[in-house]
Structures are given as structure tokens and as C-alpha cells.
Amino acid sequence: METQLGTKPMSEDNEAPALEIRFQFVDGSAANFFQPDPGIAENLWSRINVANLFVRPRIVVADDYSKSVFVSSQINRIDFIFAGSDFSQIPNDHADLVELSEKEFYAHVPLKDPSRLERRAQPRQVGDLLVSFLHLRMRGGSHIYLMNETLLKLPVDNLSFMQRLLSGGSYSIRLQGGGQGFLNLSNLLGYSVYPGVPEIPNDTWMAIASVPAPEPPVEYA
């Protein structure tokens, strides 16, 4: 994938670019690029193939002054920032899949008060809207928090969500501020979903999750 973008910083008087691209890597570093031309930005966005985004060994970004080459396997995520939202890239069996801040996530998932957590087993019917919250752990210590809205499937199909996340492909999410993010599932270490569906694999280990204790305050002499 070769992309023509700008790397020079914009002045404070300029408007937001038509498209901004943010790379986040497994070592915790990042790289940002922008495309100010709406026509070029729209053409670039229209050529994004979600299924093959991380399949190629490298992604190349260039402008009139430089060329940057990134190893696809070392990219945790790529965010395309633009005005508005494009739901066309979200998996077609999802009503919405949006990123949350850590604070927003724990407001919906009160792990410190288990009595307020919703149980997996609920009296639901196939086709009911299921809202769940996901905590994804990526290589390099990166954490991603999501809200997922989807229609409840037949019990035999409910494990397909786990299979998708473990597929090692690309996972498209909506960004609250506008735009779309793409996660490299090859760098997914694991995930937790709340509440999740009643169906679990036969070899599941049944145990209660513990909440990490806060670190003690540092004492100065």
C-alpha cells in the first residue's frame, strides 16, 4: 500500500486537514500524516481494503520531501481521522462498534462493584439488540476499549465473534471524534467482553476475575 501524504506540520491558522492518518506501533511509538486536499483524501480513503490492510509486508507513505516505510506486522492500529462517520467499514453484522476512553469504559463496566455487572445468561431472543463492552490487549501494553452493538445470533453462531477476533485479520472500529480505526488483530494478546453471550467453549476455565489493587503511594523521605 503506497500513500501520498504530507508530513510538514500545519500552522495554527489552517483548518483541519481533510484526512489525517495516525499509526500506532507495537513499541508504543506513533507516526502522523495528513492530506489537506479533499479530492486526494477521498480517493485514498476509497481505496482502503479492510481485509488486506495488514496483509502486505509493508505500508509506504510519501510526499514531496520524504518516504516512510512501515512493517505491517509491527503496526497495532491505523486511524483515519476525518469529519463525520463512515459506517460502511464496520463489520456488517454490527449496528455500531465505537471506541471508548478508559474512563467511559469503566463507567459502563464497574469491575469494583460486581453486583452491578450484567450476567452473561439473560432471557434474550434471537434478533434482540445486544450491547457489550470490550477490553482489547495489544502487543506493547496498548489497551483498547470498545462498545459493540449487534443483533443476537443463534447459539451455534455466538462463538463466531471470538473466532473473528482471533483470526489475525483487520478489525474496523468507529472513532468518536470522527473517522475510522483499523486494528491489526495479529497483535492482539487477548480480550475481555462484558457481559458476553451465554455460550462458551467446552474447555473454558471457570474462575472469577480479580480487580488489580491500586499501587501504594510513593513515600518521600
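The values are calculated or read from the model by the stated rules, or taken from the named source; none is laboratory data. Because the structure is predicted, anything quoted here is derived from the model rather than measured. In this analysis, Cβ positions are derived from the backbone assuming ideal geometry, glycine residues included, and neighbour counts consider all displayed protein chains.
Need a quick list: strands (runs of 3 or more DSSP E) entirely within the stretch 109-185 having at least 2 residues that are at pLDDT 95 or above.
Counting at least 2 such residues, we get 129-138, 142-151, 180-184.
Across the stretch 135-167, which residue is surrounded by the most Cβ atoms within 10 Å (Cβ to Cβ) among those that are in contact with a strand residue (DSSP E or B) (Cβ under 8 Å, 6 or more places away or on another chain) and in contact (Cβ under 8 Å) with a residue 60 or more places away in the chain?
Among those that are in contact with a strand residue (DSSP E or B) (Cβ under 8 Å, 6 or more places away or on another chain) and in contact (Cβ under 8 Å) with a residue 60 or more places away in the chain, it is I144.
Regarding V26, is this residue surrounded by 11 or more Cβ atoms within 10 Å (Cβ to Cβ), within 16 Å of the chain's Cα centre (by Cα) and not aromatic (F, W, Y)?
Answer is yes for this residue.
In the stretch 29-43, how many are touching a strand residue (DSSP E or B) at 6+ places or on another chain (Cβ under 7 Å) and under 25 Å from G168 (Cβ atoms)?
Total meeting the criteria: 2.
I need the full set of residues from the stretch 90-108 which are assigned to a loop (DSSP other than H, G, I, E, B) and either of a type in the set (D, E) or touching a residue at least 24 places away in the same chain (Cβ under 8 Å) (or both), in order please.
Correct list: I90, P91, D93, S101.
So which residues in the stretch 115-134 are without any contact (Cβ under 8 Å) to a residue 24 or more places away in the chain and more than 12 Å from P195 (Cβ to Cβ), if there are any at all?
Within the stretch 115-134, S115, P123 qualify.
Does the stretch 120-133 include one or more residues that are in contact with a Pro (Cβ under 8 Å, 6 or more places away or on another chain), more than 25 Å from V71 (Cα to Cα) and polar (S, T, N, Q)?
Checked the stretch 120-133: at least one residue is in contact with a Pro (Cβ under 8 Å, 6 or more places away or on another chain), more than 25 Å from V71 (Cα to Cα) and polar (S, T, N, Q).
Which one of the conditions (1) hydrophobic (A, V, I, L, M, F, W, C); (2) at pLDDT 85 or above; (3) buried (at least 19 other Cβ atoms within 10 Å of the Cβ) does I90 fail to meet, given that it meets all the rest?
Looking at each condition in turn, I90 falls short on (2).
Given I81, I48, I75, which one is modelled with pLDDT of 95 or more and surrounded by 17 or more Cβ atoms within 10 Å (Cβ to Cβ)?
Testing whether each residue is modelled with pLDDT of 95 or more and surrounded by 17 or more Cβ atoms within 10 Å (Cβ to Cβ) leaves just I75.
Return the residue satisfying two criteria in turn: it lies in the stretch 186-205 and is at pLDDT below 90 and surrounded by fewer than 12 Cβ atoms within 10 Å (Cβ to Cβ), and of such residues it is nearest to S46 (Cα to Cα).
Out of the qualifying residues, it is P201.
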